[in-house]
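Here's the structure, in structure tokens; my notes come after.
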Amino acid sequence: MMKAKAKYGQATRLASTTDLPREQWLAIRKLGIGSSDAAVAVGLSPYRCPLSLWLEKTGRKEPEDISHKEAVLWGIELEPVLAQVYTKRTGYRVRRVNAVLQHPEHLFMLANLDREVVGHPDGPGILEIKTASYHSAPQWEEGVPVAYQCQVLHQLAVIRSDTLPLLTPTFWLITSCRSANNIMPITFFLPAFIASSFYSA
């Protein structure tokens, strides 16, 4: 008898991301539309077009390797720090999910969560953390950019399809660091937000 796959909310845990090799990660991403693909798929991404996404998902084009880019590296380094700051400021604990999640019916819908919020009176929630340079600050002047709203809506749809989320900026941090040569000061604008309508576990 085949063992049933573990669940997360309504979603299926398709694969563990703990120590997952990059090649396997890319292969899993090709299986469907992930939450970071959602805005691209509907033409709302300022960075990529739907055609480029289609070419990648159908194997006609290799996805660009952005793992070495400074913005990505800073995001990886700062995400756990900002998750701790969120807990300190709100009192709500967060934890890693460490899995690629799949919608139980629409199998092409995949999602990865930065963190899950636990211990909130409304139930569990999603903490989606974004880090960006100060050049991106104007995009946040009227609230959460639509591309990021698409991302979290997709995540919530994968986990719990009958939830209508409300996205609100949770906190804003300004921090400074210096480049490798310790000459050029760089200011990072670090918005973080949470899907504040929580889903039922």
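The values are calculated or read from the model by the stated rules, or taken from the named source; none is laboratory data. A quick note: this is a predicted structure, and the numbers were derived from the prediction, not measured. Methodologically, a virtual Cβ is constructed for each residue, glycine included, from the backbone with ideal geometry; neighbour enumeration extends over all protein chains shown.
List of remarks:
- In region 102-133, residue farthest from the chain's Cα centre (by Cα) [restricted to those that are among the polar types (S, T, N, Q) and modelled with pLDDT of 85 or more]: 102
- Checked against (1) surrounded by 13 or more Cβ atoms within 10 Å (Cβ to Cβ); (2) within 19 Å of residue 113 (Cα to Cα), residue 56 passes all but condition (2).
- Condition check for residue 169: in a loop (DSSP other than H, G, I, E, B), under 16 Å from the mean Cα position of the chain (by Cα) and at pLDDT below 75: no
- Any pair with Cβ under 6 angstrom, 6 or more apart, that starts in region 50-67 at a residue that is over 19 Å from residue 22 (Cβ atoms) and ends at one that is basic (Lys, Arg): 55/61
- Filter result (in contact with a Pro (Cβ under 8 Å, 6 or more places away or on another chain), assigned to a strand (DSSP E or B) and either surrounded by fewer than 11 Cβ atoms within 10 Å (Cβ to Cβ) or of a type outside the set (Ser, Thr, Tyr) (or both)) within region 8-50: 11
- Taken over region 88-102, the criterion of being more than 22 Å from residue 13 (Cα to Cα) and either buried (at least 18 other Cβ atoms within 10 Å of the Cβ) or of a type in the set (Phe, Trp, Tyr) (or both) is satisfied by 92 alone.
- Matching residues, region 54-80, being part of a helix (DSSP H, G or I), out of contact with any Leu (no Cβ under 9 Å at 6 or more places or on another chain) and of a type in the set (A, V, I, L, M, F, W, C): 54, 55, 71, 72, 73, 74, 76
- Among residues of region 58-92 being over 18 Å from the mean Cα position of the chain (by Cα) and of a type in the set (Lys, Arg), the one that is farthest from residue 126 (Cα to Cα) is 60.
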